[in-house]
Amino acid sequence: MYISTIFFTRSRSTYEDFFPEFEVLLSKIKPFCKNIETKNSRFNELMKHFISYELDRFALNFIYTPRSKHPSKEQRIAYYHSIVDNNKFQDEVILEMPDGIKLLKLYMMFYCLENKKNASDLQESLVVIPNRKLQGTLVVEQAKGFGRSYFEYMEFMEKAKKYVDADQLKILEDKASELYEAKKGERAIDFTCPDANGKMHSLSDYKGKVVVVDVWATWCGPCRAELPHLKKLEKAMEGKDVVFIGVSVDEKKNYEKWKKFLVEEQLPGVQLFADGWSKITKDYKITGIPRFMVFAKDGSIVESHAPRPSDPSLQDMIESELRK
């Protein structure tokens with residue numbers, strides 16, 4: 001039976017011979033499971049789950065593999081009516097099974113096809129899965145195959161957030177960062193970080209102004225070398241519709257050092273603390289600092305690899321945007 005179900009290319013069996021064999025097997029399963037009584041109670045429990053799940057896997061794989069004859073719903077044995085049951089998805093034991101995630105996806109495919117549900121609609125497809133961890137697992141799997149644009153993906157992620165835990169959300173966010181391309185004219189990805197007083201600032205707060213972002217750190221020599229040039233540039237731009245935002249990637253252990261540095265260097269502009277190589281560095285593919293970026297008044301990217309303040313072309317770029 002295993003060969004006829006899984007290794008279907010080696011067998012020409014159809015439902016006419018498979019279903020009777022399968023029902024014979026089902027009649028033997030209950031007595032067999034009763035006799036699983038080793039000294040390891042956890043093993044006993046998992047083995048019973050394994051047998052139950054494998055029966056479902058056999059049954060589902062059979063109807064979803066090419067054969068010379070396929071049964072109508074009316075010709076299926078009663079077993080198929082009980083395959084998708086909420087009680088099977090109350091806990092996370094399926095994830096302890098071999099290929100548990102594949103099996104979970106197989107259940108979901110069967111449920112959606114049988115009930116004419118849209119598999120890509122999370123609200124429709126996940127209604128049969130009560131366990132939050134399992135819901136999140138399916139969402140993450142769906143996200144892996146998402147090849148569309150960043151902003152389309154973000155629409156999906158906004159709906160997905162309520163089904164995932166913190167670890168799963170991080171996987172979704174990492175996928176978003178992979179999809180984003182910080183090209184000229186592209187809508188900017190927003191970021192939000194606290195200032196030295198704990199007040200949160202977002203890039204989007206400054207829409208309507210040209211924004212210059214400096215991603216830096218107190219330990220970065222080249223970053224510090226740019227500070228005199230940056231101060232001079234900010235002085236030249238006073239009174240104009242331009243905002244300078246410094247985003248420090250210093251780690252949390254250096255938070256007080258960063259705050260002290262701001263005072264000692266009398267850094268102007270909006271100074272934010274990103275706490276290490278966080279979301280902004282992933283989104284904008286920042287692997288080295290200092291990194292300067294310029295954003296237009298409408299929130300789009302002017303240049304994600306802008307010149308440093310020591311290069312006069314940065315001021316030219318800003319003034320060009322101000323004239324628009």
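Tabulated data
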| read-out | value |
| --- | --- |
| Partners for LYS102 among aspartates and glutamates (Cα-Cα distance below 16 Å; same-chain residues under 8 apart left out) | GLU54, ASP56, GLU92, GLU141 |
| Heavy atoms of ARG42: accessible area, 1.4 Å probe, square angstrom to 10 | 100 |
| Largest to smallest accessible area among ASP167, ASP174, ASP283 [probe 1.4 Å] | ASP167, ASP174, ASP283 |
| Dipole in debye (nearest 20) - the stretch 192-324, about Cα centre, beta carbon charges: Lys, Arg +1; Asp, Glu -1 | 180 |
| For the stretch 92-231, with +1 on Lys and Arg beta carbons and -1 on Asp and Glu, the positive-most of VAL210, SER125, GLY147 along the dipole | VAL210 |
| Cα-Cα over 26 Å, subset of LYS207/LYS252; LYS184/LYS279; LYS199/LYS279 | LYS207/LYS252 |
| Cross-link pairs beyond the 24 Å C-alpha cut-off, checked among LYS88/LYS162; LYS133/LYS183; LYS209/LYS235; LYS88/LYS116 | LYS133/LYS183 |
| Among PHE156, PHE191, ASN115 - extreme Cα towards positive end, dipole of the stretch 112-214, charges at beta-carbon | ASN115 |
| Accessible solvent surface per residue of the stretch 43-93, calculated while the other protein chains remain in place, 1.4 angstrom probe, Å² | 53 |
| Heavy-atom accessible area per residue - the stretch 112-197, 1.4 Å, Å² | 56 |
| Eligible lysines near LYS257 by straight Cα distance, threshold 18 Å, same-chain separation 8 or greater | none |
| Apportionment of accessible area to carbon and sulfur, the chain, percent (1.4 Å) | 52 |
| Candidate aspartates and glutamates - alpha carbon under 16 Å from LYS260, same-chain residues fewer than 8 apart omitted | ASP195, ASP250, GLU251, ASP275 |
| Fraction of beta bridges assigned by DSSP in the chain that are antiparallel (%, nearest 5) | 50 |
| Positive dipole terminus of the chain, leading residue within SER304, ILE289, ILE94 (C-beta point charges) | ILE94 |
| Normalised contact order of the stretch 194-324, rounded percent, pairs of Cα under 8 Å and 6 or more residues apart | 34 |
| Cβ-derived FRET efficiency at R0 45 Å, ASP121 paired with LYS282, nearest 0.05 | 0.95 |
| DSSP-assigned coil residues among chymotrypsin sites (Phe, Trp or Tyr not before Pro) in the stretch 64-106, each with at most 14 further Cβ atoms within 10 Å | TYR64 |
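The values are calculated or read from the model by the stated rules, or taken from the named source; none is laboratory data. Small disclaimer: the values here were computed from a predicted structure and weren't measured. Cβ sites come from the backbone with ideal geometry, for glycine too, and all protein chains shown count toward neighbours. Surface accessibility is based on the protein's heavy atoms, side chains included, excluding ligands, DNA and RNA. Shrake-Rupley method; radii C 1.70, N 1.55, O 1.52, S 1.80 Å.
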